[in-house]
Each structure stands twice: as structure tokens, then as C-alpha cells.
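Q: The following block contains the structure, expressed as C-alpha cells.
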Ligand SMILES: *Cc1c(COP(=O)(O)O)cnc(C)c1O
């Protein structure tokens, strides 16, 4: 039985909606994207969402909008995908990495040492779908001593008057913290709809605008739509309406708008996300948990607590008493049984480009220790109960008991 890691969920409902879009005469940003933005805003219970063509583009757009550039610092966790750091580097700023806690989330305790007068933003990552501790993060940036350090250098930064919390929620659509969904938990949240994520539009992302007053969500929405489309005062859809040809360009914008073809997929998936997609993923998580919990070879991931509910994005199984090399051997053995597993993630300081920038894995022991013994198991809508049983059987057969060593 061949079991892939994370194929997308594509059925007739999605195909029909994509075909309807192709036949509609409008394929790029237009009515379907606008509707998807509204549905996402309703889903997260916030006022405004702007869709873009990837989470990476969305994160970078926000950093540019906030005026982050050379000489600035942005705090990120060391345990994340390269996108979180790359967007900071693309702006000319410096990513300052902090280690993670045992939930694999940015360790809030370490922020005090990481901030300087150059810190402009923090990008926490809801790794594998578990939301960060947003109350503590928001309390931290609002502390008088932390606010005093903040040195605004443009009107937007002055208006906020503190460090921006820009959440990388690429994994956590639908996750909850204290009864609120991601998107509504901090200043700005960015989702990814890449092909391997819980909800996919092939490629895509969304920027959830939730900044405090005096920021105005409608104005921000308007600005971000323009900024994601070359700074042009009218989008292509508006411009094609008869007699509406004239436009202006008031700022040098980016080009990262979502297409209606992508939005068509997103609309179908979002409509059934809470009823079908998340419950199925939770069922698979629970099956893995029950199968491996209590066996001394394994340590379980945290995906539900009194305050948090995960989006069940990636099931991270940890192997006890296991080195990085032994973990790699286990993955190889599992692959020989045609079960695809994965590792989420290789901490950034282990990657060549980040080593070259001077980051050292020794500074992030928790990130390394969790990475070294982690295996991500397949979780996706179309994974059958029979396949889940097969994954469990194969993993149990391939993991040695090293506890006596
Ligand atoms: C996938 C991912 C991204 C990037 O998403 P794209 O939509 O592919 O740009 C960012 N951060 C994390 C943690 C991710 O896993």
C-alpha cells in the first residue's frame, strides 16, 4: 500500500468551480477573490482580509507596508520554514532568531533578551497548527519598558507606537486560542494556501487585518489591495468596466494578487472546512495519538490544551532516545514500506544560507533537539482509516526501542 505524504484534496466540487471560473470570462482577481476574502473574514471573525498569491508575498508585503528595511530587526523562531526569515532579509532587515519551547513555539521568555531599539516586528509561527501564546506576546509588546525601546521611523510605526506582531499562520487556519480563531488573535496574520497546506488554492495566501484603533480596517484593506497590484488605483476588473479606463499609480507597489481560479478552489474548501476537513484531520491525529501514546519509544505532540486547539496540520511524532542519524535511518526504513514521512522542520541555522549569515545551531538547543528526533506522519483528508492503520503498523515495526542504551 503506497501512502503519499500530503496530496491535495481535489474532487468534482473543486473541478466544477474552477471550470465555471474559466468559462466566466474572468480569471484573475475579481468577484471570486472578493467573495473568498469576505468568507475568510467571516470565518476568522474579523473585518478585513486581503488575498494574495502566497503567504511569503503576504508577509513581505506587510513588512514593506510597515516600512521595515535596512538597520531594522525582526524576531522570528529558529524552528520554522525559510519563508519566515527570507521575507525579512528581502526587506533588507535582520532576522533575529530565538529558540522554541517544548510546544515548538517561539519561547516568549527569550524575547526580553532578543529585543533592541531596532526591533520593529515579531513574527511568531503557529508551527504545525498550534497557535502561539498570543496573550503573552501581546502583553510583552505592550509593556511600558518594551514600548519605550521602540523607535518609530515613519507615520505608520508612530501610529502603532510599538512592535508589530505579524503572525505566520501558514499552518494554522481554523486553529483556536482561548475560543478565538487565528486571524483574530493579533495585529496581522498571514495564512498560506500552498498545495500542502490544510486548505489549498494551489498557491495562495491571505492577510488578515486586525490592527487596533486608530487603524481603520476598510482603509487598510483598500491600501493593501492597491499595494498588492502595482500601486494602481483600480484593479483590472474595475478598469474593464465600460468607461472606467483611467487609473493612477500613487506608490510603487508589488504584484502578488490572487487569481479568481485560485479563489474558486478556496471558496469550495472553506465552505466545508469546519464540517469536513478539520474533523477528518482531528480523527487521524487522535488515531495516531492513541496508537503511539504510552509506548516508551515515542513522545507525543501537543495539539489540544485547555487554551488551544490545533488546526491538525502536521502530526509530529518524536522518537525517544534517538539521535538525528538514527531518526534518518528510521525514515529510510519506513520509506522502504512505501509510507512517505517527513521532518518539520530543519531549523534554519542548520541550512547553508543561514550558516553563511552567521547563525549557529548551538544557540538553539531546543530547536535542534526536537528536530533531531522528529518524524511527521501523513495527515490529509483522503487518507483512509485503513491507510492510517498501515502507517501505524509500519512506524511501530521500524522504530527500535533504544531506552536501554
Ligand atoms: C508554507 C509556509 C510558508 C510559506 O507559504 P507560501 O504560501 O508557500 O508562501 C511560510 N511559513 C511557513 C511556516 C510555512 O510552512
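Q: In what sequence do 348, 317 fall when counting other Cβ within 10 Å, fewest first?
A: 317, 348
Q: Hey, how much of the P(r) for region 74-151 falls beyond 15 Å, as a percent of Cα pairs? Can you show the working numbers first?
A: Working: 1596 of 3003 pairs.
Of all Cα-Cα distances in region 74-151, 53 percent exceed 15 Å.
Q: Rounded to the nearest 500, what is the 222 nm mean residue ellipticity of the chain from helices alone, with -39500 (n - 2.57) per DSSP H run of 4+ residues and division by all residues?
A: Helices in the chain give a 222 nm mean residue ellipticity of -11000 deg cm²/dmol.
Q: A further question on this structure: Can you tell me how much longer the chain between residue 307 and residue 28 gets when fully stretched, taken as 0.36 nm per residue apart minus their C-alpha distance, in nm with one decimal?
A: Stretched out fully, the residue 307 to residue 28 stretch lengthens by 96.5 nm.
Q: Using only the Cα atoms of region 95-199, construct the convex hull and provide its projected area averaged over every direction, in square nanometres to one decimal.
A: Values: hull surface 28.4 nm².
So the Cα hull casts an average projection of 7.1 nm².
Q: Oh, and also: Once the Cβ-Cβ distance between residue 250 and residue 136 is put in as r, and R0 is 35 Å, what FRET efficiency do you end up with, to the nearest 0.05?
A: Numbers: r = 39 Å, r/R0 = 1.11.
Plugging the Cβ-Cβ distance into 1/(1 + (r/R0)^6) gives 0.35.
Q: Once a ≥ b ≥ c are taken as the square roots of the eigenvalues of the Cα gyration tensor of region 143-191, is the result rounded (a/c under 1.5), prolate (a/b larger than b/c) or oblate (a/b not larger than b/c)?
A: Values: a/c = 3.29, a/b = 2.13, b/c = 1.54.
Cα axes put region 143-191 in the prolate bin.
Q: When 165, 14 are ordered from fewest to most other Cβ atoms inside 10 Å of their Cβ, what list results?
A: Values: 165 24, 14 19.
The fewest-first ordering by Cβ neighbours comes to 14, 165.
Q: Starting with the fewest neighbours, write out 185, 209, 357 ranked by other beta-carbon atoms found within 10 Å of each beta-carbon.
A: Numbers: 185 28, 209 24, 357 14.
Taking fewest neighbouring Cβ atoms as first place, the list is 357, 209, 185.
Q: Continuing with the same structure: Relative to the present Cα-Cα distance, how much length would full extension add between residue 116 and residue 335 at 0.36 nm per residue of separation?
A: 74.3 nm
Q: Would you list the P(r) distribution for region 301-405, with all Cα-Cα distances sorted into 10 Å bins from 0 and each bin expressed as a whole %?
A: All Cα pairs considered, the percentages come to 13, 37, 34, 14, 1.
Q: Now, a different point. How big is the Rg/Rh ratio for region 228-379, C-alpha atoms only, Rh by Kirkwood, two decimals?
A: 1.15
Q: For the chain, take the convex hull of the Cα atoms, compute a quarter of its surface area, and give me that in nm², please.
A: Working: hull surface 82.9 nm².
Mean shadow area of the hull around the Cα atoms is 20.7 nm².
Q: Using Cα pairs closer than 8 Å and at least 6 residues apart in sequence, work out the relative contact order for the chain, in percent.
A: Details: 812 pairs, mean separation 90.7, N = 405.
The value is 22 percent.
Q: Beyond 16 Å, how much of the Cα-Cα pair distribution for region 7-62 remains, as a whole percent?
A: Taking all Cα-Cα pairs of region 7-62, the fraction more than 16 Å apart is 60 percent.
Q: Rounded, prolate or oblate: which one fits region 188-254, using the alpha carbon gyration tensor with axes a ≥ b ≥ c (rounded when a/c is under 1.5, else prolate when a/b beats b/c, else oblate)?
A: Oblate.
Q: Calculate the length of the line joining the C-alpha centroid of region 358-405 to that of region 321-337, in whole Å.
A: 9 Å
Q: With a ≥ b ≥ c the root eigenvalues of the C-alpha gyration tensor of region 227-269, is it rounded (a/c under 1.5), prolate (a/b larger than b/c) or oblate?
A: Cα axes put region 227-269 in the oblate bin.
Q: Given the Cα-Cα distance of residue 180 and residue 356 and 0.36 nm per residue of separation, how much length would full extension add, in nm?
A: Stretched fully, the residue 180-residue 356 segment lengthens by 59.4 nm.
Read-outs throughout are calculated quantities, based only on the coordinates presented, and are distinct from any laboratory measurement. Every value quoted in this text rests on a predicted model; they were computed, and no experiment measured them. Every residue, glycine among them, receives a Cβ derived from its backbone with ideal geometry; neighbour counts consider all protein chains shown.
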